[in-house]
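J.: Below are the structure tokens for one structure; questions will follow.
The values are calculated or read from the model by the stated rules, or taken from the named source; none is laboratory data. Nothing here was measured: the structure is a model prediction, and the numbers come from that model. Cβ: placed from backbone, ideal geometry, glycine included. Neighbour counts: every protein chain shown.
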Amino acid sequence: MSEFATDISRHVWQTKYRYIDGEQRDRTITDTWRRIAASLAAVEPADAAAWEQRFFDILRDFKFLPGGRIQAGAGTARNVTLFNCFVMGTIEDSIPGIFRALQEGAVTMQQGGGIGLDFSTLRPRGMQAKGAGSIASGPVSFMEVWDAMCGTILSTGARRGAMMATLLCDHPDIEEFVVAKQQPGQLRRFNLSVQVTDAFMATVRNDGEWPLVFPAAAFDADGETISREWPGTAGVVPCRVVRRVRARQLWELILRGTFEYAEPGVLFIDRINQLNNLWYRERIGATNPCGEIPLPPYGACDLGSINLTRFIASPFTPEARIDFDSLTDTAHVAVRLLDNVIDASRFPLPQQEENARGSRRIGLGITGLADALLMLGLTYGSDRSLAIIAEVMRVICHTAYRASITLAEEKGGFPYFERDKYLRGAFVRSLPDDIRNGIATHGIRNSHLIAIAPTGTISLLAGNVSSGIEPIFAASYRRKVLAEDGRPQEFLLTDYALDLWRRIARVATGIPNGFVTAAELPVAAHLEVQAAMQPFVDHSISKTINVPEDCRFSEFQEIYDLAYDKGLKGCTTFRPNPVTGTVLTEEAAGTKAPHCCVLERESD
């Protein structure tokens, strides 16, 4: 199969994306591309054959990489969803409500979707249930039930489903949540993130006391209350102050956990909601498992990534450049392809279908960024690279919005669209005048359009290009993946761009100018790359900041202050530690891997 440059690419295709059902089968990866293109073009009301060819053209040679669920499920007879991930509905604070939510999560994961959940609605441990006399066991105890459920449901293909759990920073059980994964084997199927508010960050910086609260309606007796927005309630509600803690002490507990155990992550939840294009109808409290799509209850993510390595002309020469014309054409067609996924997909639950069709959210992103920069002769994180990164994302973002306006002219806008409110959104106000005028005149097909996913699996499929917007991990390294029988299998990999340079230069060893690995980068470079992209990303960015093992905790704390001050929506770091273990191993050094991007945990 000559389409595959590496053994692991063929392995990924065979175990995850190749369709075989009796006599029906993908004999080559070209058959897979044809199957996807034909399936998604079939929902077109006219010119389906022409769109099938255009979809195939961007899929061919891995130029555009749809999310894994699309590649595995489109055009098959399988009862699966084409959406990578979902945020589940609000968990009702009652035993029937909790187990109804558990059932919905199980059904969703069975069909191949990863899930995110906000556990803030569940009353804290030790609180007496109003009117029942029983004592609540708290959200972390119920997370263990979800963890057990996830362990029993094998998702589509050779992977287990991924889950994200979030909790508000003012929930009374926040300390228990923060340390929940610090014992080996505990909640291993969850990623954890704390919803951090602007008020909390201000209190940390003022060294003040921070109230831990829960909605007052859940209490029998009266007590001190303050007003808070709370998931599952309409607007601001009175909340009972359960106790107070020093904000800096709680913040240090969160960051110490991340420093020592790589979790929890941090979501700057007020910023997420302030910049949400559907601010006028949603309150977001959770994300998909890798964090790039903040979603409302029953929201879904429809993902695809442009492989930037395929748009570099004359790589590793003084004439190296980005083919922006081809990039623009690909982004334009990719928006239509992802929009068609919404109409072609099955949905595990009717509420998910209603939300997906109502908002028509898509998440167009990129992969191979670090390799593309190297092919241009640029060092990842340098000033020149940051300018290129911003320009690439500006072109993709603005092309996507213009394509969505064109689609709205042809097919109609998304049902939740309210023109004046949508145009008042903070992100939409940052768009060029021609886009805003187009939205005002014609509407827009998709409420959101841009997301940067980790793309670990599909990047391996494309020949081991650098994953998402992450730096190159290493020149060569060993990677464990799951075989079809669920057992780990190890491959020795060489970075795509490095391998290309060696073939062009006709050398067996050595590295080109500008080559830098994740371990060699200063922490500031990670943040600068993420910050350069954020103004052009209406969803969010999955990015892991690699921190050396010998980093001082005081320096580590500064990462999160900088992330907040630079306007990021969240921050995830990884410092080698004994709990999360080794997944990627450098051929010589044995460095630990980012925890969120391993094949059996990510959602593509």
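J.: Out of the residues in the stretch 62-78 meeting the condition of being of a type in the set (Lys, Arg) and either crowded, with 24+ Cβ neighbours inside 10 Å or under 21 Å from the mean Cα position of the chain (by Cα) (or both), tell me which one is nearest to Ser466 (Cα to Cα).
T.: Among residues in the stretch 62-78 that are of a type in the set (Lys, Arg) and either crowded, with 24+ Cβ neighbours inside 10 Å or under 21 Å from the mean Cα position of the chain (by Cα) (or both), the one nearest to Ser466 (Cα to Cα) is Lys63.
J.: Any residue in the stretch 533-540 that is among the aliphatic types (A, V, I, L, M), modelled with pLDDT of 95 or more and surrounded by 14 or more Cβ atoms within 10 Å (Cβ to Cβ)?
T.: Yes, the stretch 533-540 contains a residue that is among the aliphatic types (A, V, I, L, M), modelled with pLDDT of 95 or more and surrounded by 14 or more Cβ atoms within 10 Å (Cβ to Cβ).
J.: Checking the structure you have, find out if any residue of the stretch 367-390 is farther than 30 Å from Pro315 by Cα and of a type outside the set (A, V, I, L, M).
T.: Taking every residue of the stretch 367-390 in turn, none turns out to be farther than 30 Å from Pro315 by Cα and of a type outside the set (A, V, I, L, M).
J.: A further question on this structure: For residues that are out of contact with any Pro (no Cβ under 8 Å at 6 or more places or on another chain) and of a type in the set (Gly, Ala, Ser), scanning just the stretch 464-496, find the one that is surrounded by the fewest Cβ atoms within 10 Å (Cβ to Cβ).
T.: Across the stretch 464-496, the extreme among qualifying residues is Gly486.
J.: Checking Gln182 against (1) touching a residue at least 60 places away in the same chain (Cβ under 8 Å); (2) crowded, with 20+ Cβ neighbours inside 10 Å, which single condition isn't satisfied?
T.: (2)
J.: When the residues of the stretch 148-181 are filtered to those that are more than 30 Å from Trp230 (Cβ to Cβ) and either among the acidic types (Asp, Glu) or not in a loop (DSSP other than H, G, I, E, B) (or both), which remaining residue is modelled with the lowest pLDDT?
T.: Ser155
J.: Turning to a different aspect of this structure: For the stretch 13-38, enumerate the residues that are in contact with a helix residue (DSSP H, G or I) (Cβ under 6 Å, 6 or more places away or on another chain) and part of a loop (DSSP other than H, G, I, E, B).
T.: Asp26
J.: With the requirement that a residue be surrounded by fewer than 19 Cβ atoms within 10 Å (Cβ to Cβ) and either among the hydrophobic types (A, V, I, L, M, F, W, C) or at pLDDT below 95 (or both), what does the stretch 423-434 give you?
T.: Matches in the stretch 423-434: Leu423, Ala426.
J.: Are any of the residues in the stretch 548-559 buried (at least 18 other Cβ atoms within 10 Å of the Cβ) and hydroxyl-bearing (Ser, Thr, Tyr)?
T.: no
J.: Could you list, in sequence order, all residues of the stretch 82-95 that are at pLDDT 90 or above and either surrounded by fewer than 24 Cβ atoms within 10 Å (Cβ to Cβ) or closer than 18 Å to Glu292 by Cβ (or both)? Give the steps one after another, and end with the answer.
T.: Looking only at the stretch 82-95, we keep the residues that are at pLDDT 90 or above, and these are 82-83, 85-95.
Matches in the stretch 82-95: Leu82, Phe83, Cys85, Phe86, Val87, Met88, Gly89, Thr90, Glu92, Asp93, Ser94, Ile95.
J.: Exactly one of these conditions fails for Ile98: (1) surrounded by fewer than 20 Cβ atoms within 10 Å (Cβ to Cβ); (2) modelled with pLDDT under 95; (3) of a type outside the set (Ser, Thr, Tyr). Give me its number.
T.: Status for Ile98: all satisfied but (2).
J.: Quick test of your reading of the structure: Leu278 fulfils all but one of (1) part of a strand (DSSP E or B); (2) within 24 Å of Asn446 (Cβ to Cβ). Name the failing condition by number.
T.: Here Leu278 meets the rest and fails (1).
J.: Residues in the stretch 298-319 that are of a type in the set (A, V, I, L, M) and under 17 Å from Ala505 (Cβ atoms): how many?
T.: Here the count works out to 1.
J.: Which residue pairs have Cβ atoms under 6 Å apart, sit 6 or more places apart or on different chains, and have a first residue in the stretch 348-367 that is under 18 Å from Leu337 (Cα atoms) and a second that is β-branched (Val, Ile, Thr)?
T.: What qualifies is Ala356/Ile342; Arg360/Ile342; Gly363/Ile293; Leu364/Ile450; Gly365/Ile452; Ile366/Ile306; Thr367/Thr455.
J.: Looking only at the stretch 205-225, which residues are surrounded by 23 or more Cβ atoms within 10 Å (Cβ to Cβ) and free of Cβ contacts under 8 Å to residues at least 60 places away in the same chain?
T.: Within the stretch 205-225, Val213 is the sole residue that qualifies.
J.: Collect the residues in the stretch 182-226 that are part of a helix (DSSP H, G or I) and among the acidic types (Asp, Glu), keeping them in residue-number order.
T.: Of everything in the stretch 182-226, just one residue is part of a helix (DSSP H, G or I) and among the acidic types (Asp, Glu), namely Asp198.
J.: Then there's this: For the stretch 1-25, which positions are touching a Ser or Thr at 6+ places or on another chain (Cβ under 9 Å), of a type outside the set (Phe, Trp, Tyr) and under 20 Å from Asp485 (Cα atoms)?
T.: Selection gives Val12, Lys16, Arg18, Asp21.
J.: Now for a separate question. If you take the residues in the stretch 492-514 that are hydrophobic (A, V, I, L, M, F, W, C) and touching a strand residue (DSSP E or B) at 6+ places or on another chain (Cβ under 7 Å), which one is nearest to Ala372 (Cα to Cα)?
T.: Only one residue tops the list, namely Leu493.
J.: Let me ask something additional. Do you know which of the residues in the stretch 282-315 that are in a loop (DSSP other than H, G, I, E, B) and in contact with a His (Cβ under 7 Å, 6 or more places away or on another chain) is farthest from Ile472 (Cα to Cα)?
T.: Filtering first and then ranking leaves Ile293.
J.: Go through the stretch 486-511 and report how many residues are farther than 14 Å from Ser476 by Cα, in contact (Cβ under 8 Å) with a residue 24 or more places away in the chain and not hydrophobic (A, V, I, L, M, F, W, C).
T.: So the answer is 2.
J.: Would you mind telling me which numbered condition in (1) over 23 Å from the mean Cα position of the chain (by Cα); (2) crowded, with 18+ Cβ neighbours inside 10 Å Ser382 fails?
T.: Evaluating Ser382 over (1) over 23 Å from the mean Cα position of the chain (by Cα); (2) crowded, with 18+ Cβ neighbours inside 10 Å leaves (2) as the failure.
J.: Of the residues Arg228, Arg189, which is within 22 Å of the chain's Cα centre (by Cα), in contact (Cβ under 8 Å) with a residue 24 or more places away in the chain and surrounded by fewer than 23 Cβ atoms within 10 Å (Cβ to Cβ)?
T.: Exactly one residue qualifies, and that residue is Arg189.
J.: Residues that are touching an Asp or Glu at 6+ places or on another chain (Cβ under 6 Å) and of a type in the set (Ser, Thr, Tyr): find the helices (runs of 4 or more DSSP H) completely inside the stretch 415-493 holding 1 or more of those.
T.: Numbers: elements: 419-423, 426-429, 433-442, 456-461.
Because the criterion is at least 1 residues that are touching an Asp or Glu at 6+ places or on another chain (Cβ under 6 Å) and of a type in the set (Ser, Thr, Tyr), the helices (runs of 4 or more DSSP H) in the stretch 415-493 that meet it are 456-461.
J.: Just for the stretch 231-261: of the residues that are part of a helix (DSSP H, G or I) and polar (S, T, N, Q), which one is farthest from the chain's Cα centre (by Cα)?
T.: For the stretch 231-261, the residue satisfying everything is Gln249.
J.: Any residue at all in the stretch 20-31 that's among the charged types (D, E, K, R), more than 21 Å from Val341 (Cβ to Cβ) and under 24 Å from the mean Cα position of the chain (by Cα)?
T.: Narrowing the stretch 20-31 to residues among the charged types (D, E, K, R): 21, 23, 25-27, 31.
Remaining after also requiring more than 21 Å from Val341 (Cβ to Cβ): 23, 25, 27.
From what is left, the residues that are under 24 Å from the mean Cα position of the chain (by Cα) are none.
Within the stretch 20-31, not a single residue is among the charged types (D, E, K, R), more than 21 Å from Val341 (Cβ to Cβ) and under 24 Å from the mean Cα position of the chain (by Cα).
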